[in-house]
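Chemist: Submitted below is the structure of interest, expressed as structure tokens.
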Amino acid sequence: NATGNVTGSAAALDALRRYFGYDSFRPGQSGLVDAILSGRDVLGVMPTGAGKSVCYQIPAMLLRGVTVVVSPLISLMRDQVDGLNDAGIPAAFVNTTQSGDEQSMVLAQAARGDVKLLYVAPERLETDRFRSFAAHTPISLVAVDEAHCVSQWGQDFRSSYLGIGEFIAALPSRPIVAAFTATATERVRRDIVHILGLRDPMVAVTGFDRENLYFDVIKLETKRKASWVAGYVAAHPDESGIVYCATRKETEALAESLNRVVPALRGASAGAAQAAGPVAVAYHGGMAPDVRERAQRDFVTDRVPVVVATNAFGMGIDKSNVRYVIHHNMPESIEAYYQEAGRAGRDGEPSRCTLLWNESDIVTRRRLLDNDYENERLTPEEQEVVRMSKRRLLDGMIGYCRTTDCLHLYMTRYFGETAPLIGRDGTPGGKCVGGCANCDSTFETIDVTDTARAISRCVHDVMYDWDDQNRPSRAPMRAGLGSGKIVAVLRGSRAQDVLSRGLDRCPSYGRLRETPEARIRDVLSQMTTDGLLFVSEGRLPVVGFGVRAAETVAPDFRYEIKRVERKERASRRAGEAGTGG
Ligand code: ADP
């Protein structure tokens, strides 16, 4: 026991009050603090803002030696340290913004025991100066912030994180190691434990469910999204909201259209609308700094109720009374969605998170993912690993759009939290507490076995050329065609590029003439997520067979899609729903 302190819990609570002025721990915090104080390694998985820092700051105050905090962002270190010093906690940082002399001075203070929390970037651990400091100073705890950076399966892999485990192993006596992250995929967690060399860690996953948030997912054609948003904004005049868009251009176009359309929807005269000021402002990273800051200020101070933003908006913005967050496009991962949607209802009041999506969002996301070479420090192999991982993150997001399960449940399960959600109101199969559109909906199940079989057959047929007698070429002539062409062939399209390839002669041609195009697309897309089909990556994606493709020809193959009942769907699409809760 590194503390020599048997009453860890009481001392921890006392420290929480004394240094931070809080009366009680939040869910998960005390368990992590107690585990660290009892000498055990921990992995804490909590969403941003849940309060990870006190989980190592309090043990740092109660343990004997120095706590080394590894943090990736040099830019944030000074603020963190200033905040701690203000609270009377002896903390310091060493980083490249300091001269060699300054660094030596801080390290000397820490070696004397005058610094309890020492913040460093991972690169620092490899320097001779720091190694020699660490060899002669008792380090009781190493806290690793943003620990997912060790994993190539996460979103922000940093190769410098790979050296942390080795640094710890080289210390004269092994400290307690505490890792923290907001990223929770199983693979990333395994990497953290393995690469940092955590020993039998206590793993705590908490704080992900937000009971005051109502979650809704609405599938909507792209051209109808803007009017849905306008309808929603118009129906909620006294509420503050964030609308997230995928591109800078979209934010400006949508803000402009809201300012035009919403006053009219509310029946305001042109004069009254002018006097009331704008409904929405755009916000994105490409705006001039002063314009952007003004947009932010106008929103935060409630002068403008709605901000239409790219994901550049939100970092460090603390506005507690955001009543709704609407996503105009599907984000790249559940992590990203959770973080952005989670900006609603910080004050604990009922708020609504709505995700608008459609199949073309998926296509766009897949394409972006393949053209994403921004991380040039990675080798081609590493880039491929990152890309595969991003693809899986995207699949998690697609799953959220498609699920008919409770959306709270989907989200907390995704993050690995196992708290029971469904039926917490006491009724079997009851609604979730926070509320979500899926718990409030009835779903109809549609048997699409024949459609799925026809699609599968068509994917095969279009790989061949067909002669005038409807005979296929001896060998496949191509890897396949894009999903749009598959649909065109099945619908019996007379389009030039269908006819010029002789695809009107293949047996699949016109097979699904009677089936609506949107239905074929839905089924095709669900088959892709289910692994029956596989859409290749690259600039011109083609549809091929997935790992489960053989199932479609099995005699007992059955395939279904689920849809919200027609009546409810119509009202959701019209944006009639009020703020739930
Ligand atoms: P994270 O690192 O998980 O993103 P922080 O550690 O920065 O979150 O904490 C987020 C906010 O919550 C901070 O303002 C912090 O002071 C506050 N906080 C943390 N623990 C508690 C607590 N037990 N009670 C009240 N507020 C807390």
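Chemist: Write down the Kirkwood hydrodynamic radius of the range 214-281, to one decimal in angstroms, obtained as one divided by the mean of 1/r over all alpha carbon pairs.
Modeler: 12.8 Å
Chemist: Could you give the length gained by full extension between residue 190 and residue 477, i.e. 0.36 nm per residue of separation minus their alpha carbon distance, to one decimal place?
Modeler: Result for the pair: 99.0 nm of gain on full extension.
Chemist: Sorted by mean Cβ packing within 10 Å, highest first, what order do the peptides 341-352, 90-101 take?
Modeler: Highest to lowest by the protection proxy: 341-352, 90-101.
Chemist: Counting alpha carbon pairs within less than 8 Å and at least 6 residues apart, what relative contact order, in whole percent, applies to the chain?
Modeler: Relative contact order, the chain: 12 percent.
Chemist: Quote to one decimal, in nm, the extra length available between residue 349 and residue 377 on full extension: 0.36 nm per residue of separation minus the C-alpha distance between them.
Modeler: 5.7 nm
Chemist: Oh, and also: May I ask you to derive the relative contact order of the range 224-379, considering only C-alpha pairs under 8 Å and at least 6 residues apart, and to give it as an integer percent?
Modeler: Contact order relative to length: 26 percent.
Chemist: Work out from phi, with θ = phi - 60° and the Karplus expression 6.51 cos²θ - 1.76 cosθ + 1.60, the ³J(HN,Hα) of each residue of the range 505-520, listed in order in whole Hz, and give x for Gly and Pro.
Modeler: Calculated HN-Hα couplings, in order: 9, 7, x, 7, 4, x, 4, 10, 3, 8, 8, x, 4, 4, 5, 4 Hz.
Chemist: In sequence order, what are the phi-derived ³J(HN,Hα) couplings for the range 241-246 according to the Karplus relation 6.51 cos²θ - 1.76 cosθ + 1.60 with θ = phi - 60°, rounded to whole Hz, with x for glycine and proline?
Modeler: x, 10, 10, 8, 10, 7
Chemist: Taking amide hydrogens as modeled 1.01 Å from N in the peptide plane, which residues meet the under 5 Å criterion relative to residue 205, leaving out close sequence neighbours?
Modeler: Close amide H contacts, sequence-distant or interchain: 45.
Chemist: Follow-up. Enumerate by residue number the trypsin sites (Lys or Arg not before Pro) in the range 31-88 meeting two conditions: DSSP loop (anything except H, G, I, E, B), and at most 15 other Cβ atoms within 10 Å of the site's Cβ.
Modeler: Here the sparse-neighbourhood loop sites are 64.
Chemist: Between residue 558 and residue 388, what is the label-to-label distance in nm when each label sits 7 Å out along the Cα-to-Cβ direction?
Modeler: 3.5 nm
Chemist: Under a 5 Å amide H to amide H cut-off, with H placed in plane at 1.01 Å, what residues pair with residue 545 once short-range neighbours are removed?
Modeler: Placed amide hydrogens put 534 under 5 Å from residue 545.
Chemist: Turning to a different aspect of this structure: Normalised radius of gyration for the range 263-377, please: alpha carbon Rg relative to 2.2 N^0.38 Å, two decimal places.
Modeler: The range 263-377 yields a ratio of 1.24.
Chemist: For helix 74-86, what angle does its Cα long axis make with the longest principal axis of the chain, in degrees from 0 to 90 and rounded to 10?
Modeler: Roughly 50 degrees between the two axes.
Chemist: In percent, what relative contact order does the range 434-581 have, based on Cα pairs under 8 Å that are 6 or more apart in sequence?
Modeler: 32 percent
Chemist: Next question. What are the equivalent ellipsoid semi-axes of the range 140-236, built from the alpha-carbon gyration tensor (square roots of five times its eigenvalues), in whole angstrom, biggest first?
Modeler: In descending order the semi-axes read 42, 15, 11 Å.
Chemist: Hey, rough spin-label estimate for residue 497 and residue 102, points 7 angstrom out along Cα→Cβ, what's it come to in nanometres?
Modeler: Rounded to a tenth, the inter-label distance reads 5.8 nm.
Chemist: What do you get for the angle between helix 222-235 and the principal long axis of the chain? Use alpha-carbon atoms, 0 to 90 degrees, nearest ten.
Modeler: Its long axis makes an angle of about 60 degrees.
Chemist: What are the extents of the Cα atoms of the range 76-122 along their three principal axes, listed from largest to smallest and rounded to whole Å?
Modeler: Rounded to whole Å, the extents work out to 27, 25, 17 Å.
Chemist: Still on this structure, I have one more. With all distinct Cα pairs included, what does the Kirkwood hydrodynamic radius of the range 1-151 come out to in Å, to one decimal, could you say?
Modeler: When all Cα pairs of the range 1-151 are included, the Kirkwood radius is 15.8 Å.
Chemist: I need the calculated FRET efficiency for the pair residue 301 and residue 266, taking r as the beta carbon distance and R₀ as 35 Å, to the nearest 0.05.
Modeler: Taking R0 as 35 Å, the efficiency between residue 301 and residue 266 is 0.95.
Chemist: Moving on to the next point. Check which residues have an amide H placed less than 5 Å from residue 355's amide H, if you skip close sequence neighbours.
Modeler: The list, which skips near neighbours in sequence, is 216, 217, 218, 327.
Chemist: Give me the angle, in degrees from 0 to 90, between the Cα long axis of helix 100-112 and the longest principal axis of the Cα atoms of the chain, rounded to the nearest 10.
Modeler: Once rounded, the angle reads 70 degrees.
Chemist: At q = 0.06 Å⁻¹, what is the base-10 log of I(q)/I(0) for the chain according to the Debye formula with one equal point scatterer per Cα and no solvent? Please give it to two decimals.
Modeler: Debye intensities relative to I(0), on a log10 scale: -0.39.
Chemist: Per 0.36 nm of contour for each residue apart, how much would the distance between residue 368 and residue 17 grow if the chain were fully extended, relative to their Cα-Cα spacing?
Modeler: 121.6 nm
Chemist: I would also like to ask the following. With a 10 Å radius around each residue's Cβ, average the other Cβ atoms per peptide and rank 450-460, 555-565, 192-202, highest first.
Modeler: Taking the mean over residues of other Cβ atoms within 10 Å, the ranking is 450-460, 192-202, 555-565.
Chemist: What FRET efficiency do you get for residue 126 and residue 293 if R0 is 56 Å and r is their Cβ-Cβ distance, rounded to the nearest 0.05?
Modeler: 0.90
Chemist: Check the straight Cα-Cα distances from residue 562 and name the lysines below 18 Å, setting aside those fewer than 8 residues away within the same chain.
Modeler: Within the straight-line cut-off, residue 562 pairs with 219.
Chemist: How much of the DSSP beta bridge set in the chain is antiparallel, as a percent to the nearest 5?
Modeler: Counting only bridges with both partners in the chain, antiparallel ones make up about 15 percent.
Chemist: Quick one: the Cα spread of the range 340-416 along its three principal axes, in angstroms, biggest first?
Modeler: Its Cα atoms span 46, 27, 22 Å along the three principal axes.
Chemist: Just going by the charge dipole of the range 99-210, with Lys and Arg at +1 and Asp and Glu at -1 on Cβ, which of 105, 198, 161 is farthest out on the positive end?
Modeler: Of 105, 198, 161, it is 198.
Chemist: Let me ask another. When the Karplus curve 6.51 cos²θ - 1.76 cosθ + 1.60 is applied with θ = phi - 60°, which whole-Hz ³J(HN,Hα) does each residue of the range 468-477 get, with x for Gly and Pro?
Modeler: 4, 8, 6, 9, x, 4, 5, 10, x, 9
Rule-based calculations on the coordinates, nothing more; no lab input. Because the structure is a prediction, the values reported are computed rather than measured. Note: ideal-geometry Cβ built from the backbone for every residue, glycine included; neighbour counts use all protein chains shown.
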